[in-house]
Amino acid sequence: MKEPVTLRLSLPNIPEIELVALESLERLARHLGIPDEKIGEARILVTEAVINALEHAGDGNPTVRVEFTMTSDRLTIFVRDYGKGFEPSAVEDPDNKAERLQKRGWGLKLMRSLSDGFRIQSGKTGTRITITKMLR
């Protein structure tokens, strides 16, 4: 199937809501015949992106928007929160923090390493992450 299929979700900030996004992703991928290995990698990307967005969504609008656009060859994941934003270049590489007790910051590195394209746009009205994953 070369025609893209798009699925849009609006997730409230409630415990384990990322599972809704994961189930949706998996059903869409299975419908398109995506290999299990690629589905597993895509699940990790979505989990990290959604959990980060929910954590930083802010109290004013604690909703996260998730969008999947998929063909049999490519997945684009868009995750948007409405928090206070951050400066992506200021996030310290977790390898540089190895001696410290802090275990945070691995999500961005993991998403970058598993994706074929990764872009963060962040500002005072929130953060948008766009991830591209090749599926073949």
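The values are calculated or read from the model by the stated rules, or taken from the named source; none is laboratory data. None of the values given here were measured: they were computed from a predicted structure. As a convention, Cβ positions derive from the backbone with ideal geometry for all residues, glycine included, and neighbour counts pool all protein chains shown.
Hey, can you tell me all the residues within the stretch 120-133 that are loosely packed, with under 12 Cβ neighbours inside 10 Å and not small (Gly, Ala, Ser)? Answer for the stretch 120-133, where residues must be loosely packed, with under 12 Cβ neighbours inside 10 Å and not small (Gly, Ala, Ser): just LYS124.
Restricting to the stretch 1-26, what's the tally of residues that are over 13 Å from THR69 (Cα atoms) and over 16 Å from the mean Cα position of the chain (by Cα)? Residues flagged as over 13 Å from THR69 (Cα atoms) and over 16 Å from the mean Cα position of the chain (by Cα) within the stretch 1-26 amount to 2.
So which pairs qualify, if the first residue must be in the stretch 45-60 and at pLDDT 90 or above and among the charged types (D, E, K, R), the second must be in a helix (DSSP H, G or I) and buried (at least 21 other Cβ atoms within 10 Å of the Cβ), the Cβ gap must be under 6 Å, and the two must be at least 6 apart or on different chains? Going by the 6 Å Cβ cut-off, the qualifying pairs are GLU48/MET111. The set of residues in the stretch 28-78 that are within 22 Å of LEU108 (Cβ to Cβ), of a type in the set (Asp, Glu) and touching a strand residue (DSSP E or B) at 6+ places or on another chain (Cβ under 9 Å) comprises GLU41, GLU55, GLU67.
From the list ALA57, ALA42, ALA49, ALA53, the lone residue that is under 17 Å from THR130 (Cα atoms) and assigned to a loop (DSSP other than H, G, I, E, B) is ALA57.
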